[in-house]
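Here's the structure we're looking at; comments come further down.
The values are calculated or read from the model by the stated rules, or taken from the named source; none is laboratory data. Just so it is clear, the structure is predicted and the values come from calculations on it, not from any experiment. In this analysis, Cβ positions are derived from the backbone assuming ideal geometry, glycine residues included, and neighbour counts consider all displayed protein chains. SASA here: full protein model, heavy atoms, side chains in, ligands and nucleic acids out. Shrake-Rupley method; radii C 1.70, N 1.55, O 1.52, S 1.80 Å.
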Amino acid sequence: KAHSAPVEILFKPRPAYTPEARRLEVEGEVLLEALFAASGRVQVLRVVRGLGHGLDENAVLAAHRIRFRPAEQDGRRIDSTATIHVTFQLAY
């Protein structure tokens, strides 16, 4: 029987706000399509849905710092793709 395990996110950094987005009180989610490589690196393939005002770039920077356990298939690490939700929320 084939054994597989999905990607497990171990650490997800909080993205940085840009001064402009903070001033305009932009909140929401940036959706990124990303490759979680067997090597342990995150590669962002594209921005699926962005917020603009520099937040998309900051979401990508934060995504690159995600630490994760790669997906496995039959005991071997494999590449897998997934959608990353990066939430921007202003603290009041």
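A few points about this structure:
- Long-range neighbours under 7 Å by Cβ, at least six apart or interchain, first residue touching a residue at least 40 places away in the same chain (Cβ under 8 Å) and assigned to a helix (DSSP H, G or I) within segment 1-29, second loosely packed, with under 12 Cβ neighbours inside 10 Å and not β-branched (Val, Ile, Thr): ARG22/LEU90
- Residue ID - farthest from ARG76 (Cα to Cα), chosen from residues in segment 30-49 that are open to solvent by 60 Å² or more (accessible area, probe 1.4 Å) and in a loop (DSSP other than H, G, I, E, B): ARG41
- Residue list for segment 50-92, restricted to those being surrounded by fewer than 16 Cβ atoms within 10 Å (Cβ to Cβ) and among the aromatic types (Phe, Trp, Tyr): TYR92
- Scan of segment 10-22 for residues that are surrounded by fewer than 14 Cβ atoms within 10 Å (Cβ to Cβ) and within 25 Å of PHE36 (Cβ to Cβ), ordered by number: LEU10, PHE11, PRO13, ARG14
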